[in-house]
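The values are calculated or read from the model by the stated rules, or taken from the named source; none is laboratory data. What you are looking at is a predicted structure, and each value in this text was computed from that prediction instead of being measured. Cβ placement follows ideal geometry from the backbone for every residue including glycine, while neighbour counts extend to all protein chains displayed. All accessible areas refer to the heavy atoms of the entire protein, side chains included, with ligands and DNA or RNA removed. Shrake-Rupley method; radii C 1.70, N 1.55, O 1.52, S 1.80 Å.
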Amino acid sequence: AIKCEGLDMFADHMVIAERKNGLPHLRRFSFASGASARLAMPEATYEVSADRNWDYHTSIYQFNYQSLVRPTTVYAENLNTGERTLIKQMAVLGGFSPEHYKSERIWATARDGTKVPLSIVYRADLDRTKPQPLWLYGYGSYGLSMPAAFSSSRVSLLDRGIIYVIAHIRGGGELGEEWREAGRMDKKMNTFNDFVDCGQWLVDQRWTSPAQLVTSGGSA
């Protein structure tokens, strides 16, 4: 299922904010041809949203992008040609480069067989042949989708060999209204079981070990 989260209307085009499989997308639609296509994104897991687009007659669409490895960036895309221009990007001190890090979008399996999306980031040169220190974070409440957003303070952890993982557990909004309903009221225990099961899955898949795993979460 695809969730429509918003529309940006222009004279010749429409841009649709979508969410599918927990990831946000932007789709351009031409009124003249009826053709549509998603705007391509650089990483496997990310956040994207419309920037300020106040000119109704423009074909240039500005949007905000960030990911676990890329700081907040504004792009402008030509809706006719697909040509993309970098407008600005948040500066990160200390010689930071996105190429030094790797992000992945994978799916853990909960105890009832449900697939739970994970957003993962780590140093690109990290030794993945053995378990490594890992920080697992989760929330899963009120239908809120936890963003795969950039954090400059997290970079120091990654540089010290720590893997950071967001578990998009039931109760959140990543997979639509059904995902929220599956983690609230009499089904609230799914939220906590998912979090535990994601940790166990990461151990079983040799991302980490029990002695190297830390977790955090809060509020609801």
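Model label points for Ala1 and Lys88, set 7 angstrom from Cα along the Cα-to-Cβ axis, are 3.9 nm apart.
Here the contact order of the range 13-116, divided by its residue count and restricted to Cα pairs under 8 Å and six or more residues apart, works out to 17 percent. Only protein heavy atoms count here; on that basis, with a 1.4 Å probe, Ser216 has an accessible area of about 40 Å². Between the range 206-220 and the range 1-69, the alpha-carbon centres lie 34 Å apart. Normalised size of the range 42-167, defined as Cα radius of gyration per 2.2 N^0.38 Å with N residues, equals 1.23. Of the trypsin sites (Lys or Arg not before Pro) in the range 149-186, the ones in a loop by DSSP (not H, G, I, E or B) with at most 13 other beta carbons within 10 Å are Arg160.
With Cα atoms as the point set, the range 140-192 shows a radius of gyration and Dmax of 13.9, 41 Å.
Shown are Lys102, Lys20, Lys88, whose ranking by accessible area with a 1.4 Å probe and every protein chain present, most to least, is Lys88, Lys102, Lys20. Just so you know, the Cα atoms of the range 1-90 work out to an Rg and Dmax of 12.6, 37 Å.
With a simple spin-label model that places each label point 7 Å from the Cα along the Cα-to-Cβ direction, the separation between Ala40 and Met14 comes to 2.6 nm. Here's how it looks for Thr215: its modeled amide H is under 5 Å from those of Leu136, which are all 5 or more places away or on a different chain. Close Lys pairs in the chain, defined as Cα atoms under 21 Å apart and 8 or more places apart or on different chains, number 6. Remark: accessible surface ordering of Thr191, Thr109 (largest first) is Thr109, Thr191, probe radius 1.4 Å. Relative contact order of the range 149-220, taken over Cα pairs closer than 8 Å and 6 or more residues apart, is 18 percent. Restricting the calculation to Cα atoms, every distinct pair contributes to the Kirkwood radius of the range 44-93, found to be 11.7 Å. Assuming charge only on the beta carbon of Lys and Arg (+1) and of Asp and Glu (-1), the dipole of the range 60-194 about its Cα centre is about 280 debye to the nearest 20. Taking 0.36 nm per residue of separation and subtracting the Cα-Cα distance, full extension of the segment from Arg111 to Ala124 would add 1.6 nm. Sorting the segments 28-38, 111-121 by their residues' average number of neighbouring beta-carbon atoms within 10 angstrom, most packed first, yields 111-121, 28-38. If one computes P(r) from the Cα atoms of the range 101-220, what percent of pairs lie at distances over 27 Å? Counting every Cα pair in the range 101-220, those more than 27 Å apart make up 15 percent. The convex hull of the Cα atoms of the chain, projected and averaged over all directions, covers 13.4 nm². Spin-label model, Val196/Ser216: points 7 Å from Cα along the beta carbon direction are separated by 2.3 nm.
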